1. Mind listing whichever residues of region 360-413 are open to solvent by 90 Å² or more (accessible area, probe 1.4 Å), hydroxyl-bearing (Ser, Thr, Tyr) and either modelled with pLDDT under 90 or touching a strand residue (DSSP E or B) at 6+ places or on another chain (Cβ under 9 Å) (or both)?
2. If you take the residues in region 88-101 that are open to solvent by 40 Å² or more (accessible area, probe 1.4 Å) and part of a loop (DSSP other than H, G, I, E, B), which one is modelled with the lowest pLDDT?
3. Being part of a loop (DSSP other than H, G, I, E, B) and open to solvent by less than 10 Å² (accessible area, probe 1.4 Å) is the filter; apply it to region 294-336 and report the residue that is farthest from residue 411 (Cα to Cα).
4. From 57, 75, which residue is modelled with pLDDT of 85 or more, closer than 17 Å to residue 313 by Cα, surrounded by fewer than 22 Cβ atoms within 10 Å (Cβ to Cβ) and within 22 Å of the chain's Cα centre (by Cα)?
5. Take residue 212 and decide whether it is part of a helix (DSSP H, G or I) and either touching a strand residue (DSSP E or B) at 6+ places or on another chain (Cβ under 6 Å) or small (Gly, Ala, Ser) (or both).
6. Can you tell me which residue in region 184-209 is nearest to residue 246 (Cα to Cα), limited to those that are among the small types (Gly, Ala, Ser) and in a helix (DSSP H, G or I)?
7. Which of the residues spanning region 78-87 are of a type in the set (Ser, Thr, Tyr) and surrounded by fewer than 18 Cβ atoms within 10 Å (Cβ to Cβ)?
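The values are calculated or read from the model by the stated rules, or taken from the named source; none is laboratory data. Not measured: the values here are computed from a predicted model. Ideal geometry is used to build each Cβ from the backbone, glycine not excepted, and the neighbour counts take in all protein chains shown. To get the accessible areas, we keep the full protein, side chains included, count just its heavy atoms, and leave off ligands, DNA and RNA. Shrake-Rupley method; radii C 1.70, N 1.55, O 1.52, S 1.80 Å.
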Amino acid sequence: MSREAHAGICERRGVRFPPATHPLYDVSSSYFEGRTCPLARFGYDHGSGKRGRMQVEYGLLCDSDGRPVAIEAFEGSVKDDKTLPSQVKKIEQRFGLSHVIVVTDRGIGTKDNVTLISQTAEFAFITALKAPQVRKLVKEGCLQLSVFDELNLAEIACEKLYPAQRLVVCRNPLVAEERARKRQELLAGTEKDLAEIKRRVDAGTLQGQAEIGLRVGGVWNRYKVKKHFQLNITDDTLTYERKQEQIAQEAELDGIYVIRAGRIGPEELAAAGIVRAYKQLKEAEKGFGGMKGPLELRPIHHRLTDRVRSHLLICMLAEYVRWHLRHAWAELLFQDDNPRSDTDPVAKATRSREATRKAGRRRTPHQEPCHTIESLFDELENRTRNTIRVKGTEATFPQLSTPTELQARALALINERVPRIT
């Protein structure tokens, strides 16, 4: 089948993957109940809160609007960045696309993956740099922090580290303020606990380098700021102090992040467009939230690999339907049905005036109660299908109850806005 024919099928099915699109890719995991599934392994926990449980890793591929189009299962021990090669192959072979911009987060956008994407057809990429890479830009003189005295977005080049690539540096003052506050709280909490340990050491109730180190290790594990302290332990003494210079250097980068793009010219996407494309990854995160929450993707109970994959596929298809329903029912939900297209992609996202009014009054523009998608489902479930028996005979026929005004409007919106699958 030709690429054009394949794209036409995808279009009719509501999967908008035309050439030069921006597929979004992210990875998550769900914990597993049991021990016999070949995919279940111990690995990095993506926020499930179930420590000590084996898990199954999966990668979700979405179109540029956040609509899920493919999902793949991996062993729970597989690192996030190792899942991307199969997705790149899927985009090229299954969807028949030759020119796309793969958008993924900094954990997946490793050097090997960037090379792989760049060598595949005419694929481009958008990802972000990790904190050590940003610090290296400053050290090499490619990034001048004084630029952000007046700007919050600037495009720079660093041919030495990232040849033929575009780097868009952003600074969000709200994020900077929050990181400074959090760092101060962690440092203060660490000092408070270390002071209590020091008091015991000075009083002679805690002795021995190993025992003191064990107590201090608990503090490091709790606050995770060991790198910011200089510590000395002997059998009967404990001293510590902050590394002020190191803390100040880290604080200079508060709120700064760098978006990295390759094989994308300014005529295709401006710097602001690159930032917006990267921020669209939040739509993939919404997909994970829907599948893990209302659609009950986790926990996974299946023992056979094929059944685990089938379970993931069914959940993804259900989320695909939910995506369309959320957009069709936008006027009935708290959802912003007229999102603003901000000129500044770095600034904090704000709701439209209509959405703010809707959230404050909890009413739609037509003065009807606003709903979440779950409460709207509950309203639709109240509609009944009755069996009517003709008096004096054995004849029966089914009849749906008359829909309420809300039910009728919700059903009409589905018929108007949800695409038919052919």
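1. Hit for region 360-413 is 387, nothing else.
2. 98
3. Per the criteria, the residue is 297.
4. Every option except 75 fails the conditions.
5. Considered against the rule, which asks whether it is part of a helix (DSSP H, G or I) and either touching a strand residue (DSSP E or B) at 6+ places or on another chain (Cβ under 6 Å) or small (Gly, Ala, Ser) (or both), residue 212 comes out as yes.
6. Only one residue tops the list, namely 188.
7. Across region 78-87, the qualifying residue is only 86.
For every residue, the table says whether it meets (1) polar (S, T, N, Q); (2) within 23 Å of residue 249 (Cβ to Cβ); (3) surrounded by fewer than 13 Cβ atoms within 10 Å (Cβ to Cβ).
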residue	(1), (2), (3)
187	no, yes, no
192	no, no, yes
205	yes, no, yes
210	no, no, yes
214	no, no, yes
218	no, no, yes
224	no, yes, yes
